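Each remark here refers to the structure printed beneath this line.
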Amino acid sequence: MTQTLEPQTERTGSEGPAEAPPSPQQRVDGWLSAFESALTDGDVERATSLFAPTCFWRDLVAFSWNLTTVENRDGVRSLLTATLEAASPSTFRTSEEPTEEDGVVTAWITFETAVGRGRGLLRLTDEGAWTLLTTLYELKGHEEPLRGGRPMGAEHGARKDRTTWTERRAAEEEALGHTVQPEVLVIGGGQGGIALGARLRQLGVPALVIDRYARPGDQWRSRYKSLCLHDPVWYDHLPYLKFPENWPVFAPKDKVADWLEFYTKVMEVPYWSSTTATKASYDEASGEWSVEIDRDGVAMTLHPRQLVLATGMSGKPNVPNFPGQELFAGEQHHSSQHPGPDAYAGKKVVVIGSNNSAFDICGALWEHDADVTMVQRSSTHIVKSDSLMEIGLGALYSEEALAAGVTTEKADLIFASLPYRIMHEFQIPLYQQMRERDQEFYDRMERAGFDLDWGDDGSGLFLKYLRRGSGYYIDVGAAELVADGEVKLAKGEVDHLTERTVVLADGTELEADLVVYATGYGSMNGWAADLISQEVADRVGKVWGLGSETTKDPGPWEGEQRNMWKPTQQPGLWFHGGNLHQSRHYSLYLALQLKARYEGIPTPVHDLAPVHHLS
């Protein structure tokens, strides 16, 4: 047993019946009081003893100025030893009444540090703290202008030098990049860049988001026309401004595009469209970047102190190099460049790959009367959309969750509070339920010859996404075409192309007028190699993955997403992105790190991750 978590009262057998056990609130209050007392006294050993022998503490910026997870008492001791003096944490309180289930007490908490305010989630067992999440949500003296602190907008009274909102916005836009340099340059104006731009705007950080497309949202408009969000609406809100209550559960791509354009305008995100970054270099002495850009045909150089690559979690398209590609007489392109099915009615199409994009493209081509063959090169995890919504997401992101008081923000923190090290243990039974529920569908897929998997350990979609970002499909209907044989299935590696065929390693020849390479994407540091240098890309190392030693996620264990939303080995270089949920949630922590640096607040980074893999 660890140190007792609640105050003790002396009692004897002659004094009547035993006292009732402490309530969850009393247990949490006792733990928080003991923890704060130990931290105030600088007694790391006493604070560490309040944690269970097997425990996990995930800190998002509050203590570490990093995104880091420590494990067991040795990890807690290390984190506190390194961060306690600078963090100076205090005022630990519960923000609502704790609950208890299966011997675990769960409590929402708030606290302060020397420079900010935080919130978190604590889980207690009889042995002490089992999991602790601590997050920074605002900096003291630099609070966002929200709710009671919102700006007045109109200036009442009379004055001769009055300028309107429109005039102020025009002056700001005219100065940015010319007489005023952005503190932060965000390259990539998709949902990640826009969400971060909105956060930085509210925090008063001079920032600029640039994108090569003509309008915000064009990244979505340019994709194949059947594309839609596979995650439900409750999972996909952007910061500050949620989708309307009548928004569709699965938004079509052009509707998403229009929302992003609208959001950029109403949130006043400084955004340059038709702008391409061509070259960047970092001056160690000045701590400043020089970024050469082409803005609608005009060459410029910007000098931000912080450079954020928000060019998509998946990185650069992986375009395979097969013998004979130069001989192929038809059309061939990567899935990211697929224009949609309209031009391919009656054509023979070979789609190489069996992931989300491959299925979507196959389904849309089949609907337009193309003769479609999918080439499966390795096994794929498939989960039915309705099963994922009900079993995998429903407790956190659904109308039912909202009715139970689980807001989007609370759901994000609950999800964040579960350490990656043990997340699979909670995911495995959920995916087992989905498998049992849809067993007939999976039997049909296997009879069609499709190779299925559930992740290396049966933990399913979320862990596959977090570990490797590939190898899965959320079925919204196209898998039925494979199961029924409407989309033909071939299996194996591609050996070469001829003038009219794709030839597999076993000699199978597939006639084709179009070959679509749905072959995924590489690490995001590939963008850094192209824009800055291979040296900087290697200094940063691989982006994404946990180090789980599962397929495509080599060890050693890192416990957090490599290089995402946190400091990297290259000063002033950051990576931001992921799905809409991650863009929303983690943009807060990245924005706070950038704001602190802009304001000159000390940000001693604990446990800057070493580089184990270059790409």
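The values are calculated or read from the model by the stated rules, or taken from the named source; none is laboratory data. Note that the coordinates shown come from a computational prediction; the quantities given were computed from them, not determined experimentally. Positions of Cβ are generated from backbone atoms using ideal geometry, with glycine treated the same way; all protein chains shown enter the neighbour counts. What goes into the accessible areas is simple: the full protein's heavy atoms, side chains included, and nothing from ligands, DNA or RNA. Shrake-Rupley method; radii C 1.70, N 1.55, O 1.52, S 1.80 Å.
Here Ala38 clears all of (1) open to solvent by 10 Å² or more (accessible area, probe 1.4 Å); (2) over 30 Å from Glu599 (Cα atoms); (3) not in a loop (DSSP other than H, G, I, E, B) except the condition numbered (1). Any chance the range 213-223 includes a residue that's more than 22 Å from the chain's Cα centre (by Cα), of a type in the set (A, V, I, L, M, F, W, C) and modelled with pLDDT under 95? Looking through the range 213-223, none of the residues is more than 22 Å from the chain's Cα centre (by Cα), of a type in the set (A, V, I, L, M, F, W, C) and modelled with pLDDT under 95.
Asp513 satisfies every condition listed in (1) open to solvent by less than 20 Å² (accessible area, probe 1.4 Å); (2) of a type outside the set (Val, Ile, Thr); (3) modelled with pLDDT of 95 or more except (1). Residues in the range 134-193 that are assigned to a helix (DSSP H, G or I) and surrounded by 11 or more Cβ atoms within 10 Å (Cβ to Cβ): Trp165, Arg169, Ala170, Ala171, Glu172, Glu173, Glu174, Ala175, Gln191, Gly192, Gly193. Per the conditions (1) more than 29 Å from Glu599 (Cβ to Cβ); (2) over 25 Å from the mean Cα position of the chain (by Cα); (3) touching a residue at least 40 places away in the same chain (Cβ under 8 Å), the sole criterion not satisfied by Asp258 is (2). Restricting the range 566-594 to residues that are open to solvent by 10 Å² or more (accessible area, probe 1.4 Å) and touching a strand residue (DSSP E or B) at 6+ places or on another chain (Cβ under 6 Å), the residue that is nearest to Ala280 (Cα to Cα) is Gly572. For the residues Val383, Val375, Val351, the requirement of being more than 18 Å from Ser335 (Cβ to Cβ) and crowded, with 20+ Cβ neighbours inside 10 Å singles out Val383. In the range 107-118, the residues that are within 16 Å of Glu85 (Cα to Cα) reach residues that are of a type in the set (A, V, I, L, M) and part of a strand (DSSP E or B) with C-beta atoms within less than 7 angstrom, at least six apart or across chains, in these pairs: Val115/Leu139; Gly116/Leu136; Gly116/Leu139. On inspection, Val406 fails the criterion of being open to solvent by less than 20 Å² (accessible area, probe 1.4 Å) and modelled with pLDDT of 95 or more. Residue count for the range 337-354, restricted to those that are under 32 Å from the mean Cα position of the chain (by Cα), of a type outside the set (A, V, I, L, M, F, W, C) and modelled with pLDDT of 95 or more: 2. If you filter the range 419-467 down to residues that are in contact with a strand residue (DSSP E or B) (Cβ under 9 Å, 6 or more places away or on another chain) and under 24 Å from Thr134 (Cβ atoms), you find that the one that is most open to solvent (accessible area, probe 1.4 Å) is Arg421.
Could you grab me the full set of residues in the range 345-371 that are farther than 20 Å from Glu446 by Cα and not in a strand (DSSP E or B)?
Looking only at the range 345-371, we keep the residues that are farther than 20 Å from Glu446 by Cα, and these are 345-350, 357, 361, 364-371.
Listed by number, the residues that qualify are Ala345, Gly346, Lys347, Ser357, Ile361, Ala364, Leu365, Trp366, Glu367, His368, Asp369, Ala370.
Please specify each residue of the range 248-273 satisfying the condition of being over 18 Å from Leu396 (Cβ atoms) and part of a loop (DSSP other than H, G, I, E, B). Answer for the range 248-273, where residues must be over 18 Å from Leu396 (Cβ atoms) and part of a loop (DSSP other than H, G, I, E, B): Pro248, Ala251, Met267, Glu268, Val269, Pro270, Ser273.
Is it the case that the range 471-487 has a residue that's part of a helix (DSSP H, G or I), among the charged types (D, E, K, R) and in contact with a strand residue (DSSP E or B) (Cβ under 9 Å, 6 or more places away or on another chain)?
Step one: list which residues in the range 471-487 are part of a helix (DSSP H, G or I), which gives 478-483.
Then keep just the ones that are among the charged types (D, E, K, R); that gives 480.
When the remaining residues are screened for being in contact with a strand residue (DSSP E or B) (Cβ under 9 Å, 6 or more places away or on another chain), the result is none.
Checked the range 471-487: no residue is part of a helix (DSSP H, G or I), among the charged types (D, E, K, R) and in contact with a strand residue (DSSP E or B) (Cβ under 9 Å, 6 or more places away or on another chain).
Taking the stated definitions as given, is Gln534 farther than 23 Å from Ser354 by Cα, buried (at least 22 other Cβ atoms within 10 Å of the Cβ) and of a type outside the set (Ser, Thr, Tyr)? Step through it out loud before you land on a result.
Values: farther than 23 Å from Ser354 by Cα: yes; buried (at least 22 other Cβ atoms within 10 Å of the Cβ): no; of a type outside the set (Ser, Thr, Tyr): yes.
No, not satisfied.
Identify the residue in the range 537-551 that is open to solvent by 10 Å² or more (accessible area, probe 1.4 Å) and touching a helix residue (DSSP H, G or I) at 6+ places or on another chain (Cβ under 7 Å) and, among all such residues, is farthest from Leu463 (Cα to Cα). Once the filter is applied, the top-ranked residue is Lys542.
For Met374, the conditions (1) over 26 Å from Ser548 (Cβ atoms); (2) assigned to a helix (DSSP H, G or I) all hold with the exception of (2). Take the conditions (1) under 21 Å from the mean Cα position of the chain (by Cα); (2) surrounded by fewer than 16 Cβ atoms within 10 Å (Cβ to Cβ); Asp484 misses just one of them, which is (1).
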